Amino acid sequence: MSVELKNITKAFGSTEVLKDVNIRIEKGEFFVLLGPSGSGKSTLLRIIAGLEEPDRGEILINGQRVNELDPSKRNIAMVFQNYALYPHMNVFNNISFPLKMRGVKKEEIISKVREVANLLNITHLLDKYPYQLSGGEQQRVALARALVRDPEVFLLDEPLSNLDAKLRVKLRFELRKLLHDQLGITTIYVTHDQIEAMTMADRIAVINKGALMQIGTPTELYEKPKNTFIATFIGTPSMNLIMARVEDNAIKVFGRRIIVRDKTRLPEGDIILGIRPQDIKVGEPSIARLKLAGEEKLGSGYILHLNFENSELLLYLERETAAVKGEFIPVLFDGPLYLFDSSTEELVTKIDNYEV
Ligand SMILES: Nc1ncnc2c1ncn2[C@@H]1O[C@H](COP(=O)(O)OP(=O)(O)OP(=O)(O)O)[C@@H](O)[C@H]1O
Ligand SMILES: [Mg+2]
């Protein structure tokens, strides 16, 4: 089923937590809501599920307004941020609970629970109690309990946040495979983890302070961030932002001039120049020599921290440099440059073709 949010606005007391949110989620889509803590993600999910009422705006499911529809009639299943299993029930009873509530026949319950447990690889846990399970196993049981209802829309609120890094990677892959590839359920998945969003989503909506910043595919958000918030939120390490100036259609930075070869006419004056850490290299012909403040080892590569004026430039390298802390090293730009308006912080243009 498709889900459409129209002009959703919500305040708690005098704090506006959602500001005129408009999103259309297609049938079968794996849609991720991404935003920092407190941005309004859970509130938006609760509004879709019918657990919270918007002050203004409409929720449409398959084109039908559901604002007045009881949560149980929306055919939506939600796994909460702090999912709670019933501690006094074993796994089988936890999973079957929603079916029992609906008065489903016993044989049907047994076969349905078996089917879902099989799907989530927890058949061997059906007789156990929640306290006997690891976090990841409890997580799967919570998912099973939601899935058993055969929902047409699945809402997941940070379902992997309590798990260790390895299990998160495994489960995010499995979850997408199951919900999207196998079952084709329309899924709205909330996370504050941009890597989770990038790896799982068909499309992502980035939300900040209750306002929708941008909707797009992971690639669109990475390659065409609408503003500095998205630019620095998506991608690791974060995009570098440098104060610079445009004069005579050239960008002045580090006392040098970058001549733009693209046909775009640049706005003159102060701008914010963005460049990703992966697009800065060590070597000549350099644009500047910057002091090495430190190095972080990631295993797969290295992040160099370079000082200039009062700020820091990050550089991502696959191999270690011979440079030592305190040394001035030559850097060059080797990738797209993003120009943001210095007051609105909106993207003005992206430049691929330039010369120093
Ligand atoms: N019932 C409530 N009463 C008052 N304020 C609330 C209520 N629920 C949420 N808020 C406030 O609304 C804002 C958005 O909360 P919400 O839980 O939607 O954020 P979130 O994006 O899910 O954050 P997190 O990533 O930490 O879960 C927060 O400032 C929160 O304090
Ligand atoms: Mg939340």
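The values are calculated or read from the model by the stated rules, or taken from the named source; none is laboratory data. As the structure is a computational prediction, the values presented were derived from the model and not from experiment. For neighbour counting, all protein chains shown are included, and Cβ atoms are generated from backbone atoms with ideal geometry for every residue, glycine included. Just so you know, the surface numbers come from the protein's heavy atoms only, side chains and all, with ligands and any DNA or RNA stripped out. Shrake-Rupley method; radii C 1.70, N 1.55, O 1.52, S 1.80 Å.
With a 10 Å radius around each residue's Cβ, average the other Cβ atoms per peptide and rank 314-320, 341-347, highest first.
Values: 314-320: 15.4, 341-347: 13.6.
Highest to lowest by the protection proxy: 314-320, 341-347.
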Worksheet item: Using 1/(1 + (r/R0)^6) with R0 = 35 angstrom and r between the beta carbons of N82 and K252, what's the FRET efficiency to the nearest 0.05?
Response: 0.10
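Using a probe of 1.4 angstrom, how much of the accessible area of the range 238-302 is carbon and sulfur, in percent?
Working: 1610 of 3340 Å².
That fraction is 48 percent.
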Worksheet entry | Rounded FRET efficiency, nearest 0.05, which uses the C-beta distance separating F12 from D262 and R0 of 45 Å | 0.45
Worksheet item: What part of the accessible area of the range 126-200, given as a whole %, is carbon or sulfur when the probe is 1.4 angstrom?
Response: 49
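Helix-only mean residue ellipticity at 222 nm, the chain, DSSP H runs n ≥ 4 weighted -39,500 (n - 2.57), per residue, nearest 500. What is it? Before the final figure, lay out the partial values.
Numbers: 8 runs with 78 residues, N = 356.
Estimated from H runs of four or more residues: -6500 deg cm²/dmol.
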Item to complete: Kindly report, to the nearest 10 Å², the accessible surface of L85 as traced by a 1.4 Å probe over protein heavy atoms only.
Response: 20
Discussion item. What is the distance in Å between the Cα centroid of the range 107-183 and that of the range 299-353?
Written reply: 41
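What does the extension gain come out to for D20 and Q64, with contour length at 0.36 nm per residue minus their alpha carbon separation?
Details: separation 44, 0.36 × 44 = 15.84 nm, distance 1.94 nm.
Computed gain between D20 and Q64 is 13.9 nm.
Using the 2.2 N^0.38 Å rule of thumb for compact globular proteins, work out how the range 31-180 stacks up: its C-alpha Rg over that value, please. Walk me through the numbers before you get to the answer.
On the way: Rg = 16.0 Å, N = 150, 2.2 N^0.38 = 14.8 Å.
Against the empirical 2.2 N^0.38 Å value, I get 1.08 for the range 31-180.
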Discussion item. Given an 8 Å cut-off on Cα distances and at least 6 residues of separation, report the relative contact order of the range 112-259 as a percent.
Written reply: 12
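In Å², and per residue, what accessible area does the chain have when probed at 1.4 Å with the other protein chains present? Mind dumping the intermediate values first?
Working: 17220 Å² over 356 residues.
Per-residue accessible area for the chain comes out at 48 Å².
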Worksheet item: Among 298-309, 69-80, what's the highest-first ranking by average C-beta atoms within 10 angstrom per residue?
Response: 69-80, 298-309
Worksheet, complete the sentence: In vacuo Debye sum over C-alpha of the chain, base-10 log of normalised intensity I(q)/I(0) at q = 0.06, 0.07, 0.10, 0.15 Å⁻¹, listed in q order, is -0.30, -0.40, -0.74, -1.21
Worksheet item: Spin-label point model (7 Å from Cα, Cβ direction): what's the E327 to D352 distance in nm?
Response: 3.5
Discussion item. Using 27 Å as the Cα-Cα cut-off, could you pick out the over-long pairs in K166/K209; K106/K128; K105/K166; K73/K226; K100/K128?
Written reply: K166/K209; K105/K166; K73/K226
Practice prompt. Quote the accessible area belonging to R257 in square angstrom, nearest 10, computed with a 1.4 Å probe and with ligands, DNA and RNA left uncounted.
Written response: 110
Worksheet item: Picking from P87, P225, P130, which is most flexible by a Gaussian network model of the chain using Cα springs under 10 Å?
Response: P87
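May I ask you to compute the full-extension gain from E318 to S111, defined as 0.36 nm times their residue separation minus their alpha-carbon distance, rounded to one decimal in nm?
Details: separation 207, 0.36 × 207 = 74.52 nm, distance 5.12 nm.
Length difference between fully extended and current span is 69.4 nm.
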Worksheet, complete the sentence: With Cα coordinates, the longest principal axis of the chain makes an angle with the long axis of helix 165-176, in degrees rounded to 10, of 70
